[in-house]
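Structure record follows, encoded as structure tokens.
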Amino acid sequence: MKPKISIITMAVSDLERSTTIYRDGLGLPTYGNFPGITFFELSSTWLALYPQDQLADDAQVDAQGSGFRRFTLAHNASSKEEMDRVMEEARKAGGVLQKPARYMEWGGYSGYFSDHDVSLWEVAWNPHFDLT
């Protein structure tokens, strides 16, 4: 198996509303025009495993609550300023800031937002290695 995740599919309650957040708010490029599903063409993806309670704590949500879907998606920005811009774009498009951006103990800068289905996104700038 080639070590790559090709598609991450998220279940959403309102396809049009979700498409607006990701396409219009964050500027993700759509691929094709298919009924009942929206595809976004992205560059590449990493997968990380992290203890559930620690991940919920990092996102500042209850690990057992309905606001934690047991996964997060991450977007790494090339600078702190870009990271702040992405968080603001998500908020303006209807996303909810779950954890305001701040400097982290690991040396980077990170925050979380969620869409209306409470899917958690971490947006981060990491000075130690480039994931952009």
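Here, each number is a calculation from the coordinates, and none is a lab measurement. Predicted, not measured: the structure shown is a model, and the values here were computed from it. Methodologically, a virtual Cβ is constructed for each residue, glycine included, from the backbone with ideal geometry; neighbour enumeration extends over all protein chains shown.
Quick notes on this one:
- Burial ordering of TRP121, TRP106, fewest other beta-carbon atoms within 10 Å first: TRP106, TRP121
- Gaussian network model of the chain, Cα within-10 Å springs - most flexible of ALA11, ALA93, ALA56: ALA11
- Restricting the GluC sites (Glu not before Pro) of region 37-132 to loop positions (DSSP other than H, G, I, E, B) with no more than 16 neighbouring Cβ atoms within 10 Å leaves GLU41, GLU105.
- Electrostatic tally near ILE21: other residues with Cβ closer than 12 Å to its Cβ, Lys and Arg +1, Asp and Glu -1, net -2.
- Sorted by Cβ density within 10 Å, fewest first, the residues HIS116, HIS128, HIS75: HIS128, HIS116, HIS75
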